[in-house]
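Here is the structure we will look at.
Every read-out reported here was derived from the displayed coordinates using simple, explicitly stated rules and does not represent laboratory data. Here the structure is a predicted model, which is why all the values come from computation and not from measurement. Cβ: placed from backbone, ideal geometry, glycine included. Neighbour counts: every protein chain shown.
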Amino acid sequence: MLKPLGLVLCLALALPAAQADEADLARDWGAKAGLMYQDTVAGLQGAALPARYEDDLARFAVAADRLGAWIDATARPHDLGCIFRGMADEAELQLGQLETPGARDAALRRLTTLFYDAENLALAASYTDAGSDGAEGSAPASCPANPQAALQYLTEQP
């Protein structure tokens, strides 16, 4: 069993690695968005979407949620976390629309914009220093992961 000092050292060493993992996830997520952008454009031009497309889109949404939580936990600019969560929601919405008769092309058009924007967002997130916007001690993000926390914050203000 680890003694308290050993546990603290293990946690201290693991924290930078976890942050580096998330920055890598952001870069990988952006690269995947670029590939999905190409697949989506091809689908709009009449090509069949790859068999893995819907699974990749679902994974894209999960990763976006994870990145939004990472942004919030590391005091990076609040808007980035909000944007990641919005992209996750949009990906899930369009995933459902791909199955709806007559809505496929509109969903693919929206997804091209989403994937294009995701590439740029991933770069911004992976290279933004935590706390660079003075976020510590500031108001909660405009679209917090926990809407109840936002409601509580708003009702407690004078």
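Points worth noting:
- With a cut-off of 11 Å between beta carbons, the residues surrounding GLU119 carry a summed charge of +1, where Lys and Arg count +1 and Asp and Glu -1.
- For ARG52, neighbours were defined as the other residues whose beta-carbon sits under 10 Å from its Cβ, and their charges (Lys and Arg +1, Asp and Glu -1) total -3.
- Net charge over other residues, Cβ less than 14 angstrom from the Cβ of ARG104 (K, R count +1; D, E count -1): -2
- Net lengthening on full extension, VAL62/ASP89 (0.36 nm per residue, minus Cα-Cα): 8.8 nm
- Here PHE60, PHE84 are placed in order of increasing Cβ neighbour count within 10 Å, fewest first, which gives PHE60, PHE84.
- Equivalent ellipsoid dimensions for the stretch 58-115 as semi-axes, Å, which come from the Cα gyration tensor, largest first: 26, 10, 7
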